[in-house]
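Reviewing the structure listed below.
The values are calculated or read from the model by the stated rules, or taken from the named source; none is laboratory data. What you see is a predicted model; the values in this text were computed from it and never measured. Here Cβ is always computed from backbone atoms with ideal geometry, including for glycine, and neighbour counts include all displayed protein chains. The protein model used for the area step is the full one, side chains on, heavy atoms only, and it has no ligands, DNA or RNA in it. Shrake-Rupley method; radii C 1.70, N 1.55, O 1.52, S 1.80 Å.
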Amino acid sequence: MSRPPDLLQGTLDLLLLKIVDLEPMHGWAISQRLRQMSGDVLQVSDGSLYPALHKLETAGLIDAEWRPTENNRRAKFYKLTDHGRARLVRESAEWTRLSTAVTLIVRVSEA
Amino acid sequence: MGWRLWLTQVRLRLRGLFLRRRLDQQLDDEFAFHLEMATREAERRGLPPDEARRAARMALDGVVARQEQCRDARGWGWLDGLAQDTRHAGRALRRAPGFTAVALASLGLGIGATSALFAVVDAVLLRPLPLPSSERLVWIEEMRDGSLVGGTPDRLRDWAALKSVEGAAGFYADEPLVRIAGGEQRRTATLRLVGPLVEILGVTPILGRTFTRDEIDGGANLVLLTEGAWRGRFGAREDLLGTTITMDGRATEIVGVLPSPVNALDDVELWAPAPASIQRAPRVSGFLGQIARLRSDVALDAARAEFAATATNLSATHPDTDRGIRPSLVSLQARLGQDARLPLLTLLGTVVLVLLVASLNVAALSLARGLSRRREASLRVALGASVGRLLQLHLLESGLLALGGVLIGIAGAWLGLDLLRAWLPPAPRLQEAALNGRLLVFSGALAFVSALIVGALPALVATRGAAGRTMREGGPTIAGPTRSRWRGALVVAEVAAAVVLLIGASLLTRSLVNIGAAPVGADPANTVTFAIPLSWDTDQSRIDAITADVLARLAALPEVAAAGMVDRLPLGGGSQTTAVAVRGRTLADDVARRMVGWRTATPGYFAAVGIPVAQGELYGDLVDERAPRVAVVNRTFVRMFLAGRDPIGVEITGWRRGKEPGGPWTRIIGVVADVPVDPTDAEPRPEVYVPSGATYWPLLNFTVRARTEPGIITSALRAIGEDLGSDATIEDVRTLDEHVALATRAPRTRTWTIASFAVVALLLAALGLYGLLAGEVAARTQEFGVRLTLGARPRQLLGQTLARGLRLAVLGLALGLAAAPFLTHLIRGLLVGIGPADRVALGAALVVLLVTAALACLGPAWRAARVDPRVALRHE
């Protein structure tokens with residue numbers, strides 16, 4: 001299996017914020033969703049997922065609460081805070097700007 | 001938005017700190033949940049249960065490490081490291097109880113002594129006076145020809161009228177006989193006022209009222225109690241106002257109670273107007289302390305200029321009395337702390353030096369410890385500890401020691417303060433010295449500095465090159481050149497500081513010897529002294545009557561060998577002084593301006609104390625007003641004023657009219673030996689003795705020499721005292737020995753304190769030197785063994801080791817000697833009869849240090865010489 005490309009520094013934070021913006025989710029679900037959404041292109045190791053989540057939590061961008069899953073197991077659900085939402089808006093705009101620029105350059109040099 | 005996010009983060013951080021156990025539990029639960037889900041997922045893909053669990057763990061890529069990363073995300077990782085290192089440092093200290101005990105004891109002693117002294121310095125010198133806007137209160141000092149003259153009521157009124165001050169007032173200390181409602185009468189410390197002193201100080205009575213202007217000027221029979229006396233002797237009764245007490249026989253009404261801050265000026269029980277005669281005293285002789293309050297918009301320099309200009313005018317308008325008067329203004333706080341300042345700062349400097357020596361000593365010990373633990377350091381670095389972390393560990397160790405030191409020190413200071421308050425010579429506000437916030441801050445700063453001294457160098461030396469090198473060396477660590485050099489430097493610094501202290505102590509001891517060397521009395525143990533202080537308005541005839549009566553009754557006792565009266569006892573300070581002119585002789589300017597003690601004494605005084613008559617004779621007992629004026633002078637007077645001339649028959653006078661000598665001439669009929677006037681005098685003062693009654697002085701002091709032992713005289717005095725009359729009491733009955741001990745108490749206390757601290761510093765330095773050499777000898781045992789086998793003689797090894805130690809000592813000695821002049825120069829005001837560069841004192845310090853150093857080196861040197869080659873070589 002060829003190794004998926006490393007994520008750009010800080011990109012993981014953006015992805016995580018985006019994912020928990022959809023609905024509150026526990027770590028396992030987030031890891032599944034990441035894989036699913038990126039069509040297995042981006043593979044984030046389950047291990048690096050948790051430190052990143054905890055960092056976002058300490059930074060006050062996401063919040064966590066313990067509640068039962070659909071299988072009635074208690075799990076830690078992460079959801080976006082107001083601060084996190086503001087950050088997400090700002091960062092995704094930034095991302096769009098950046099990727100547009102990169103795409104443009106790549107197309108021009110291909111042409 | 002920004003600050004709210006910040007607040008949230010602070011809250012989350014704190015949660016991470018305080019709820020860590022719960023968060024850790026949740027972290028475990030979260031990972032367990034993930035593993036369970038992942039395992040189930042893997043099983044669904046068809047893996048057997050075991051494989052599925054393994055795959056789930058693999059995907060997490062190290063559960064423990066990941067959890068650790070999550071914990072680090074809380075932002076307190078460094079704290080864990082710190083806590084861990086603190087525990088480690090504590091364990092390391094516990095494992096070396098000897099080192100820890102020595103270090104704690106030295107740091108505790110140093111910090112404790114320094115803190116206690118700082119508390120005293122803070123109370124006496126630093127803290128502002130407890131009076132409103134006290135920074136505007138100034139002391140008016142008046143000088144003439146370089147010596148102090150007191151203020152006079154008349155001139156005080158001139159100062160008070162100046163534009164730069166709101167007002168000025170004066171006072172002098174008095175001890176009237178006071179009787180409260182039928183009780184015993186007792187001499188009571190009283191401040192006599194000239195001018196509105198209460199208002200100038202800015203205080204208001206806590207009870208009743210103060211004096212009006214007219215009451216003070218008229219010398220009204222009114223009195224204010226100070227708060228201490230009111231609460232103590234007067235029982236804090238509020239119905240005292242309007243009642244009367246008897247002061248020197250006069251009924252005096254109590255009008256109010258002053259708050260205790262006024263005692264910053266002088267610790268007295270009563271404040272009362274000076275008698276009317278004194279309020280109108282002529283401008284000639286000064287006796288007042290004077291205080292002015294500057295206007296809030298006037299700078300001190302501007303006020304000084306106005307005072308100086310006024311002085312010039314006054315010398316024109318009052319040429320007879322005010323010529324040459326120079327007023328100087330100093331802050332009241334500085335003036336009140338003036339006498340205590342030098343002794344206190346000297347003591348503080350001493351204990352700071354002791355603390356320095358103690359810290360250096362602990363640093364040297366710690367360095368040695370750090371070296372022996374170098375392998376441990378290397379191991380830690382090899383296992384991935386950063387050098388910074390290693391440094392932190394070392395600094396933590398010294399920090400713990402300093403913390404322990406400061407705790408012991410504060411406890412010691414708390415105990416020591418009581419001792420200091422009781423033991424130090426009295427100083428204004430000394431009793432207020434206490435543990436307070438400022439002191440804690442000061443002690444904390446001391447602890448920080450000593451932790452740096454103790455920890456920084458050892459930490460740097462021990463961590464430098466810790467990586468790898470020592471690991472390769474393998475064997476037991478041997479004191480290499482670098483480490484010994486550092487340790488040697490510490491020991492040299494210790495010795496240098498100890499030398500400075502030794503020199504200071506040696507100078508003060510020499511001064512103390514000089515103070516004691518001036519002979520006071522032929523038989524001081526059997527000479528009784530006592531005082532009969534009379535009021536300043538007592539008639540001369542009454543003074544004469546009491547003197548004659550007391551002396552006659554003493555002379556009638558068979559046990560009395562001699563008895564006499566004098567104005568002030570030896571070492572009891574001076575009384576009246578004046579410039580003296582010699583008839584028919586023009587004196588050099590400096591001699592003509594020299595102030596000479598003009599004292600009264602009956603002839604029996606010289607016999608009782610045992611002051612030999614060197615030449616001529618004494619005057620007779622009875623002095624008639626019509627008799628010719630005669631005097632005896634002391635040897636110093638002859639040396640200064642009558643060098644190369646027969647003093648007998650020379651006429652002198654202490655009176656002047658303007659610049660010319662005037663008034664009655666007094667004929668010198670005898671010369672007596674010098675007697676020390678004040679314990680701090682560097683050399684004897686020139687003095688003239690005149691018969692009692694030839695000059696006014698109502699504070700009578702008596703000296704009585706017993707043939708056998710003084711007990712009988714003491715009991716006889718009781719009967720004499722009862723017959724004296726209501727205006728006089730016998731006080732301060734002591735032997736001359738006791739009187740001298742009391743008079744020299746302050747310099748003796750000071751010298752002993754500083755000498756003991758110097759000895760402590762010396763012992764610490766010797767310990768440092770010993771420790772260094774002992775360590776080196778132990779480390780070089782093998783080398784010595786080899787050298788002995790190859791034919792070296794034990795004596796050579798002994799000599800070499802001794803030389804190595806003494807080289808360090810001499811180096812420290814040289815440094816100390818170089819530094820000492822700067823410090824001893826500061827204490828020259830405490831030296832008596834010697835200068836700060838006194839050779840004997842320096843020599844004594846030098847010898848004591850070298851002998852101590854040699855003794856400290858002898859043990860290790862002996863051990864070096866006694867190395868048994870067979871044992872040494874088998875050592876490996």
How do B:Leu353, B:Leu439 rank by accessible surface area computed with a 1.4 Å probe, from largest to smallest?
B:Leu353, B:Leu439
What total accessible area, in Å², is buried where chains A and B meet, using a 1.4 Å probe and rounding to the nearest 100?
2400 Å²
I'd like to know how the protein assembly as shown sits against the 2.2 N^0.38 Å rule of thumb: what's its Cα Rg over that expected value?
1.40
Applying 1/(1 + (r/R0)^6) with R0 = 22 Å to the Cβ-Cβ distance of B:Ala854 and B:Ala105, what FRET efficiency is obtained, to the nearest 0.05?
0.30
At 0.36 nm per residue, minus the direct Cα-Cα distance, what do B:Asp214 and B:Arg304 gain on full extension? Give it in nm, one decimal, please.
29.5 nm
If you put +1 on each Lys and Arg Cβ and -1 on each Asp and Glu Cβ, how big is the dipole of region B:587-717 around its Cα centre, in Debye rounded to 20?
240 debye
When you have a sec, figure out the Kirkwood radius of region B:102-141 from all distinct Cα pair distances and drop it here in Å to one decimal?
12.6 Å
Computed E for B:Gln540/B:Ala588 - FRET, C-beta separation, R0 41 angstrom, nearest 0.05
0.70
Taking the Cα centre of chain B as origin and charging only Cβ (+1 Lys, Arg; -1 Asp, Glu), how large is the dipole, in debye to the nearest 20?
4920 debye
Inter-label distance, nm, simple model (7 Å from Cα along the C-beta direction), B:Arg4/B:Ala778:
6.6 nm
Accessible area (Å², per residue) of chain B, counting only protein heavy atoms and a probe of 1.4 Å
46 Å²
Checked region B:571-700 with the C-alpha gyration tensor, a ≥ b ≥ c its square-rooted eigenvalues, rounded below a/c of 1.5, otherwise prolate if a/b is larger than b/c and oblate if not; verdict rounded
Lysine pair count for the protein assembly as shown [Cα-Cα under 20 Å; pairs on different chains or 8 or more apart]:
5
Placing each pseudo-label 7 Å from Cα in the direction of the beta carbon, B:Asp80 and A:Ala101 end up separated by a distance in nanometres of 3.8 nm
At q = 0.15, 0.18, 0.21 Å⁻¹, base-10 log of I(q)/I(0) for region B:244-385 (Debye sum, equal scatterers on each alpha carbon):
-1.11, -1.24, -1.32
Probe radius 1.4 Å, ligands and nucleic acids ignored: give me the carbon and sulfur share of the accessible area of chain B as a rounded percent.
59 percent
Per 0.36 nm of contour for each residue apart, how much would the distance between B:Thr204 and B:Arg22 grow if the chain were fully extended, relative to their Cα-Cα spacing?
59.3 nm
For B:Ser535, A:Ser45, what's the largest-to-smallest order of accessible area, 1.4 Å probe?
A:Ser45, B:Ser535
Note the full-extension length gain between B:Glu184 and B:Ala334 as 0.36 nm times their separation in residues minus their Cα-Cα distance, in nm to one decimal.
50.2 nm
Rounded to the nearest 10 degrees, what's the angle between the helix B:711-722 long axis and the longest principal axis of chain B, both from Cα atoms, 0 to 90?
60 degrees
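Residue by residue through B:5-17, how many Cβ atoms from other chains fall within 10 Å of the Cβ on average?
3
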Using the Cα atoms of chain B, I'd like the radius of gyration and the largest Cα-Cα distance, Dmax, both in angstrom.
37.8, 140
Heavy atoms of B:Phe118 accessible to a 1.4 Å probe, total area in Å² rounded to 10:
30 Å²
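Compute the FRET efficiency between B:Ala792 and B:Arg341 as 1/(1 + (r/R0)^6), taking r as their Cβ-Cβ distance and R0 = 56 Å, and round to the nearest 0.05. Let's see the in-between values first.
On the way: r = 58 Å, r/R0 = 1.04.
E between B:Ala792 and B:Arg341, to the nearest 0.05, is 0.45.
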I'd like the accessible area for A:Asp63, computed on protein heavy atoms only with a 1.4 Å probe and all protein chains in place. Round to 10 Å², please.
70 Å²
Simple SL model, points at 7 angstrom along Cα→Cβ for B:Asp297 and B:Ala627; separation in nm is 6.4 nm
So what is the diffusion coefficient of region B:19-87 in µm² per second by Stokes-Einstein at 20 °C and 1.002 mPa s, using a Kirkwood Rh over Cα pairs?
157 µm²/s
When a/c is below 1.5 the answer is rounded, else prolate if a/b is larger than b/c, else oblate, so apply that to region B:762-876 with a ≥ b ≥ c taken from the square roots of the Cα gyration tensor eigenvalues.
prolate
